[in-house]
1. Mind ranking 96-108, 117-129 by how tightly packed they are, going by the mean number of other C-beta atoms within 10 angstrom, highest first?
2. Sequence-distant or interchain residues sharing an amide H contact under 5 Å with Val85, placed H: which?
3. Once you have the Kirkwood Rh of the range 146-205 from its Cα pairs, apply Stokes-Einstein at 37 °C and 0.692 mPa s and quote D in µm²/s.
4. What is the distance, in nm, between label points placed 7 Å from the Cα along the Cα-to-Cβ direction at Ala163 and at Ser184?
5. In nanometres, what is the gap between the two model label sites at Leu196 and Arg228, each 7 Å from Cα along Cα-to-Cβ?
6. With every protein chain left in place and a probe of 1.4 Å, what is the accessible surface of Thr95, to the nearest 10 Å²?
7. At 7 Å along Cα-to-Cβ for each site, give me the label-to-label distance between Leu146 and Asp96 in nm.
Amino acid sequence: MTYFARRIGFFVLTLWGAVTLNFLIPRMSAGDPAQAILEQVAAKDGYVDPAQLEAVRAMLGVPDASLWSQYVDYLGNIASGNFGVSYTYFPYSVTDVIGDALPWTIVLLGTTLVLSFVIGTLLGAWVAWRRNTGFDAVVTVGSSFLGTLPFFWLALLLIYVFAITLGWLPSSGGYSGAVEPGPSPEFFVDAWQHFLLPAAAIMITGPIGWMLGMRNNMVASLGEDFTRFGRAKGLPARVLAVSYGARVAILPNITGFALALGGLVGGTALVEQVFNYPGMGRLLLEAVGNKDFPLMQTIFLFSTVGVLVANLAADMLYGLLDPRARRKETA
């Protein structure tokens, strides 16, 4: 119980620190959101009318109270689920804006993350079992080389080949403007076509980290004394590979998968920017560019909480799967 109690206490303390930093960091940055909005629509001379500036500030509700008062209000709003109005998408609330973008990120990154984890972990276990063979050398060296290729280069290459040259798939967006979003076969087919290129760009390098991590961990676990003891007892090769090698080797991958899963809320800004995909990553870039404090804070908060919750779940699962972790806490 000590192991789990400490993990929960650390989670609560870290969550409070993350919420506080999430409040302070946007307010430490230079710039005025009302000024940024007016400059986007100002005339070519760049003149901003002071009266208009004050009117936009009042419209957006830019806080001018003391920092402590803002912090207290901020905690109260979080507790009540009120995240304010987006400066960029005024008069829509932050909750509505995120609600439109979040499903796109979950579908794209959730699908590719699960597939990358499963493919990479299984392939890494198989390569580790066949270590020091030609198959091991080809897969390890080839994946290491592929992993060094810049993502944006791979993405642009896919766009050039499949969207521009062959014309098989659309190059950007989440769906075509001619299709009405909704639960219809036409929309799902169109969204699927827009999904394929960014998903393929992620899947080219996505499984590599999981594969190399699983391979190295399993090679180490296969050299442990308990594996040698199992081999001396005459256990079948499949039992040694799965119950002795893979069971121990997969634990770090589970932790990494939980953290990556928790980070889905923040999205992958580079993927969504290159493909103009309407997810959380692109939304975050727009919020930063427009000094949209409520939207920035909420995205950062959701992303941080997601990572912390996933990390807590991984720690709990780690303690259940590996009794040695619990014994270290009580030693």
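The values are calculated or read from the model by the stated rules, or taken from the named source; none is laboratory data. Because the structure is a prediction, the values reported are computed rather than measured. Positions of Cβ are backbone-derived with ideal geometry, glycine not excepted, and every protein chain shown enters the neighbour counts. When the accessible area is computed, the model is the full protein with side chains, heavy atoms only, and any ligands, DNA or RNA have been set aside. Shrake-Rupley method; radii C 1.70, N 1.55, O 1.52, S 1.80 Å.
1. Values: 96-108: 18.5, 117-129: 20.6.
Those peptides, ordered most packed to least, come out 117-129, 96-108.
2. Result for Val85 returns Val94.
3. On the way: Rh = 12.3 Å.
It diffuses with D of about 267 µm²/s by this estimate.
4. 2.4
5. 5.3
6. 80
7. 4.4
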